[in-house]
1. Between ARG158 and GLU23, how high is the FRET efficiency from 1/(1 + (r/R0)^6) when r is the Cβ-Cβ distance and R₀ = 30 Å? Nearest 0.05.
2. Starting from the Kirkwood radius over alpha-carbon pairs of the chain, derive D by Stokes-Einstein at 4 °C in a medium of 1.567 mPa s and give it in µm² s⁻¹.
3. Which whole-number percent is the relative contact order of the chain (Cα, under 8 Å, 6+ apart)?
4. Post the alpha-carbon centroid distance, the stretch 87-114 to the stretch 142-174, in whole angstrom.
5. Looking at the P(r) of the stretch 100-159, how many percent of alpha-carbon pairs lie beyond 13 Å?
6. Please work out the Cα convex hull volume for the stretch 27-126 and give it in Å³ per residue.
7. Pop out the ³J(HN,Hα) list for the stretch 101-116 in order, Karplus 6.51 cos²θ - 1.76 cosθ + 1.60 with θ = phi - 60°, rounded to Hz; leave Gly and Pro as x.
8. How would you rank ASP120, ASP86, ASP143, going from fewest to most other Cβ atoms within 10 Å of each one's own Cβ?
Amino acid sequence: MVVPIILFGSPILRKNSIEITEEDDYQKYTDDLFNTIRKAEGIGLAAPQISLSKRIFVIDTTPLVGIDTMSVEKFEGVFINPVILDREREKVSMSEGCLSIPGIYEEVIRSQKIYVRYMDLQLKVHEEELDGLKARIFQHEYDHLQGILFVDRINILRRKLLTGKLNRIKKGKII
Ligand code: ZN
């Protein structure tokens, strides 16, 4: 099912999400997340963005694959109860956006490489190293599960400049 995406200003985006258990219909959550991200042509979507306060997100870089200037490889998956075990000290700055904060793109500084653990749809546990764009999207989506948004991580001056735009999104008047 394609689900409406929750916008900046909604309290659910600020909650700490709870762990997925065997009682959860994580197959349905996954289907809803993938259907919604594809409709929106996004590259990452976390459960709180579809009103679900659970620790699950999906990534699908397909919309960026084939863009000449980016040379992005396809990276697609569902990440259940994800944990960032370690972050490399080397940081990089990259422009980010978010389906819950339409029309705003800002430079965010994050670790270039991270070491993560998560479960897949069969609840099999994986531990792996991610770098570059994969690490970038993972960190952005993982933040959503903590109630953190990328605009919280930009410098205070830029944030002040965005106040008007953010307030308009909050009031439901996008742009
Ligand atoms: Zn986001």
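Quick note: the coordinates plus some simple rules give every number you see, no bench work behind them. Not measured: the values here are computed from a predicted model. For neighbour counting, all protein chains shown are included, and Cβ atoms are generated from backbone atoms with ideal geometry for every residue, glycine included.
1. The computed FRET efficiency comes out at 0.10.
2. The calculation lands on 78 µm²/s.
3. That works out to 23 percent.
4. Each part's Cα centre sits 13 Å from the other's.
5. More than 13 Å apart: 69 percent of the Cα pairs in the stretch 100-159.
6. So the per-residue hull volume is 119 Å³.
7. 10, x, x, 10, 10, 9, 6, 10, 9, 9, 5, 6, 9, 9, 10, 10
8. So the residues, fewest neighbours to most, are ASP86, ASP120, ASP143.
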